[in-house]
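Notes for the one structure printed next.
The values are calculated or read from the model by the stated rules, or taken from the named source; none is laboratory data. Since we're looking at a predicted model, the values are computed, not measured. Methodologically, a virtual Cβ is constructed for each residue, glycine included, from the backbone with ideal geometry; neighbour enumeration extends over all protein chains shown.
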Amino acid sequence: MSPRHRFGSFLVAMACAFVSVTASAHAILVDSSPKPNGTLTAGHVEMMFKYNSKIDQHRSRLLLIGPDKSEKVLTIATGSKSNEIDTSADLAPGAYTLRWQALALDGHITRGDLPFTVVAKQ
């Protein structure tokens, strides 16, 4: 095999390795509002969940678990950036958990819980 042919084969192998690594990536939560274990003031709250990759917002999900353990599916805003899931809700004081499920455009689903507290307006 000539050096030129070996180099070409090497480039093809490296490209295949790169594609397989990027194709197996998951959507990882990199920023949010509220922050994990953070505190918000009661009332109408805007929430943002930012990921390291593009998200299929139509098939992702946000479930709000309230202080009384009630569950409410939150509507994802249609104007969200491609790597964000944005929503809003009217929240009373108490301890909440936001259970998120993000579907990356590569087809991988990631899930997580984000606990936070809502305090009364002062």
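Of everything listed in (1) at pLDDT below 95; (2) under 13 Å from Val118 (Cα atoms), the single unmet condition for Ile28 is (2).
Of the listed requirements (1) part of a strand (DSSP E or B); (2) at pLDDT below 90; (3) not basic (Lys, Arg), Gly8 misses just one: (1).
Scanning for something among the aliphatic types (A, V, I, L, M), touching a Ser or Thr at 6+ places or on another chain (Cβ under 8 Å) and outside any strand (DSSP E or B), does segment 84-103 turn up at least one residue?
Within segment 84-103 (the criterion being among the aliphatic types (A, V, I, L, M), touching a Ser or Thr at 6+ places or on another chain (Cβ under 8 Å) and outside any strand (DSSP E or B)), the answer is no, since none of the residues qualifies.
Among the residues of segment 53-83, the ones that are at pLDDT below 95 and not hydroxyl-bearing (Ser, Thr, Tyr) come to 11 in all. Residue count for segment 38-92, restricted to those that are under 13 Å from Phe116 (Cα atoms) and loosely packed, with under 14 Cβ neighbours inside 10 Å: 4. Checked against (1) without any contact (Cβ under 8 Å) to a residue 40 or more places away in the chain; (2) closer than 15 Å to Arg99 by Cβ; (3) hydroxyl-bearing (Ser, Thr, Tyr), Ser60 passes all but a single condition, namely (1).
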